[in-house]
Ligand SMILES: Nc1ncnc2c1ncn2[C@@H]1O[C@H](COP(=O)(O)OP(=O)(O)OP(=O)(O)O)[C@@H](O)[C@H]1O
Ligand SMILES: [Mg+2]
């Protein structure tokens, strides 16, 4: 029987559809022409210029500071939230669950506006601090979501078994609970990290002068007509994000049964 | 000898519902004690009270003369084999068994030696590096036992450890458990709802029902002299004969005016008076079933005519349901050479049912509800 070629054709078309724009971007970043359009020969000058661009360097630093801090905060808080939601059953639990998942479904623009209003009303000066707080709020939701999924298949008699074998609360936490939840926690953290790197809308609202992150910086450069630089920046940025997503996929897959 | 382990007047309730009531039980050092009872009767609750996971609402738990009621599970010299094994999935077989020793900060050499010995005991030395997910059900079960025993507990609790295994494996594991107990000599408190499991493994059995411990005794005591209709019907199968005491024959026997069977002689091992309402339990295998009227004397044995209503051939024995007067009676007959018997009893045949006075056992407590536990012919 002749094998159908449909799966092959369909897969190819979908990949082309998804990755053609990225491929164009990739090629353009090495194009020695200021506005693209025609191919003027291979160059690395956009990358070189990028590494000398003050705004880009500050934005990169900001992005990393925000992403690392917000990830740490959201991982700790998100894991605790997931544990609390899972362990302490109450009539309000469903409500709490929905409230924690809120930021996952509320449009970014509403999150941004509401956070801005909050900061302004409390007269908190906008800056890196406010960006970190904002990123932690949605990061926390994602971490809680992933960890809660892990907890749902967690066998609680393992905790009883550990105590039965002489382990106190801390030993149980370190030797049983965390090792088993770790893949979920790590995957959640990576998700929070990439989302923090990528976020534009919320950051746009709560970032003050000098605290722009890369996406906000890219938007600014767009307005000032530096498309070639943006191409190079986007390629680097995308590669980093892609790497992290791959790593998180790998961690999530790790199961014991 | 003072009890090694003791439940003293234990009571427990979840919210308002009492789950365990007035349980008093003493275990001897080194014995295998089984708690049996139907689902939901409070066995697991009692075991978790012993392990320290549940604080009983009343009563005390004593180990070696010491009140341990307030001690948390990690401070008790008691270990548990959980029903679903509860092996740590991220640790190898070796590390699972070593868990308790590592927590107790034993030296490396001690851990290696003790775990090695346990692996020998459960015969899994070549699987030491495997993860639990790579083991069969029976192997997991053995690891769970080793993981508990390696800590040399004073008392080992086992909550239906064989429930998840199939019948053949269950029988093998029973022998295995017996061997392990012989080698380590630890006191076992074993919970099961399977009475044959309990009978074959235990030195003594406690029968539980609705949170109460109804009767404690050796397997033979429980089987041969059940005190209540529940114990009689739950452990093995039986027939209940209800009636009034008609006359006392001598110190050993009395005549019962049974509601259906008429006058029968009954062994008198408890004081009775004429006119008392009593219930007698007679096990199916105590009867003998014959085609012709046997020559019995009516003083020490009974004989009633009956009609065969159902015959089930079971291999080593045949099970009959026969009707005499208005009572359906379950009868089991061993057969030595079934095929050589000219004509085995068949459905509809008339026959004679015979039993000795001391085959029946007077119950202290009878509840009609327990009739529901008896095996009935399905039609
Ligand atoms: N945490 C709890 N909260 C409320 N009720 C409970 C709790 N645990 C057990 N029960 C109730 O207590 C009763 C006894 O439960 P237990 O688990 O001790 O029964 P069991 O004899 O072990 O039964 P099985 O043979 O099914 O394991 C049951 O009616 C059960 O529903
Ligand atoms: Mg149970």
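The values are calculated or read from the model by the stated rules, or taken from the named source; none is laboratory data. Keep in mind that this is a model prediction, so the values were computed, not measured. No Cβ is skipped: glycine too gets one built from the backbone with ideal geometry, and neighbour counts run over all protein chains shown.
Give the residues of the stretch A:205-251 that are in contact with a helix residue (DSSP H, G or I) (Cβ under 6 Å, 6 or more places away or on another chain) and not in a helix (DSSP H, G or I), sorted by residue number.
The answer is A:207, A:211, A:212, A:213.
Identify, from the list B:74, B:9, B:67, the residue that is more than 16 Å from ligand 1 (Cβ to nearest atom) and touching a helix residue (DSSP H, G or I) at 6+ places or on another chain (Cβ under 9 Å).
The conditions single out B:74.
How many residues are within 19 Å of residue B:234 (Cα to Cα) and more than 13 Å from ligand 2 (Cβ to nearest atom) when one looks only at the stretch B:24-43?
2
Quick check, is residue A:198 surrounded by fewer than 20 Cβ atoms within 10 Å (Cβ to Cβ) and in contact with a helix residue (DSSP H, G or I) (Cβ under 7 Å, 6 or more places away or on another chain)?
Considered against the rule, which asks whether it is surrounded by fewer than 20 Cβ atoms within 10 Å (Cβ to Cβ) and in contact with a helix residue (DSSP H, G or I) (Cβ under 7 Å, 6 or more places away or on another chain), residue A:198 comes out as yes.
Do we have any residue at all in the stretch A:54-65 that's part of a loop (DSSP other than H, G, I, E, B) and out of contact with any strand residue (DSSP E or B) (no Cβ under 6 Å at 6 or more places or on another chain)?
no
Determine whether residue A:215 is within 11 Å of chain B (Cβ to nearest Cβ), buried (at least 17 other Cβ atoms within 10 Å of the Cβ) and either on the phi > 0 side of the Ramachandran plot or under 18 Å from the mean Cα position of the chain (by Cα) (or both).
no
For the stretch B:17-33, which positions are touching a strand residue (DSSP E or B) at 6+ places or on another chain (Cβ under 9 Å) and within 13 Å of ligand 1 (Cβ to nearest atom)?
Of everything in the stretch B:17-33, those that are touching a strand residue (DSSP E or B) at 6+ places or on another chain (Cβ under 9 Å) and within 13 Å of ligand 1 (Cβ to nearest atom) turn out to be B:18, B:19, B:20, B:21, B:23.
Within the stretch B:225-243, track down each residue that is in a loop (DSSP other than H, G, I, E, B) and either touching a strand residue (DSSP E or B) at 6+ places or on another chain (Cβ under 6 Å) or in contact (Cβ under 8 Å) with a residue 60 or more places away in the chain (or both).
Across the stretch B:225-243, the qualifying residues are B:225, B:226, B:227, B:235, B:237, B:238.
For the subset of the stretch B:171-194 comprising residues that are within 15 Å of ligand 2 (Cβ to nearest atom) and more than 14 Å from every other protein chain (Cβ to nearest Cβ), which member is nearest to residue B:40 (Cα to Cα)?
Checking each candidate, the answer is B:193.
Regarding residue B:149, is this residue within 12 Å of chain A (Cβ to nearest Cβ), in contact (Cβ under 8 Å) with a residue 60 or more places away in the chain, within 25 Å of residue B:112 (Cβ to Cβ) and more than 16 Å from ligand 1 (Cβ to nearest atom)?
Criteria met by residue B:149.
Pick out the one residue from B:121, B:157 that is at pLDDT 95 or above, within 30 Å of the chain's Cα centre (by Cα) and buried (at least 18 other Cβ atoms within 10 Å of the Cβ).
Result of the check over B:121, B:157: B:157.
Yes/no per residue for (1) closer than 21 Å to residue B:80 by Cα; (2) more than 10 Å from chain B (Cβ to nearest Cβ); (3) assigned to a loop (DSSP other than H, G, I, E, B):
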residue: A:123; (1), (2), (3): no, yes, yes
residue: A:150; (1), (2), (3): no, yes, no
residue: A:158; (1), (2), (3): yes, no, no
residue: A:167; (1), (2), (3): yes, no, yes
residue: A:172; (1), (2), (3): yes, no, no
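Name the residues in the stretch A:95-111 that are assigned to a helix (DSSP H, G or I) and closer than 24 Å to residue A:204 by Cβ, would you?
Within the stretch A:95-111, A:101, A:102, A:103, A:104, A:105, A:108, A:109, A:110, A:111 meet the criteria.
Here are some residues: B:250, B:269, B:203. Which one is farther than 15 Å from residue B:302 by Cα and either modelled with pLDDT of 90 or more or within 16 Å of ligand 2 (Cβ to nearest atom) (or both)?
Selected residue: B:203, the only one of B:250, B:269, B:203 that is farther than 15 Å from residue B:302 by Cα and either modelled with pLDDT of 90 or more or within 16 Å of ligand 2 (Cβ to nearest atom) (or both).
If we keep just the residues of the stretch B:130-146 that are farther than 20 Å from residue B:120 by Cβ and touching a residue at least 40 places away in the same chain (Cβ under 8 Å), which is farthest from the other protein chains (Cβ to nearest Cβ)?
For the stretch B:130-146, the residue satisfying everything is B:131.
Considering only residues that are more than 8 Å from ligand 1 (Cβ to nearest atom) and touching a helix residue (DSSP H, G or I) at 6+ places or on another chain (Cβ under 6 Å), which ones fall in the stretch B:37-60?
Within the stretch B:37-60, B:51, B:52, B:53, B:54, B:56 meet the criteria.
Yes or no, residue by residue, for (1) within 8 Å of the chain's Cα centre (by Cα); (2) within 16 Å of ligand 1 (Cβ to nearest atom):
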residue	(1), (2)
B:193	yes, yes
B:201	no, no
B:205	yes, yes
B:213	no, yes
B:225	no, no
B:234	no, yes
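Here are some conditions: (1) over 28 Å from the mean Cα position of the chain (by Cα); (2) within 15 Å of residue B:361 (Cβ to Cβ). Residue B:260 meets all but one. Which one does it not meet?
Unmet condition: (2).
With (1) under 30 Å from residue B:130 (Cβ atoms); (2) within 16 Å of ligand 2 (Cβ to nearest atom) as the list, and residue B:101 as the residue in question, which single condition is left unmet?
(2)
As an exercise: evaluate residue A:243 against (1) away from chain B (no Cβ under 14 Å); (2) at pLDDT 90 or above and give the number of the one condition it does not meet.
(2)
Going by the structure shown, is residue A:84 part of a helix (DSSP H, G or I), loosely packed, with under 14 Cβ neighbours inside 10 Å and at pLDDT below 90?
Answer is yes for this residue.
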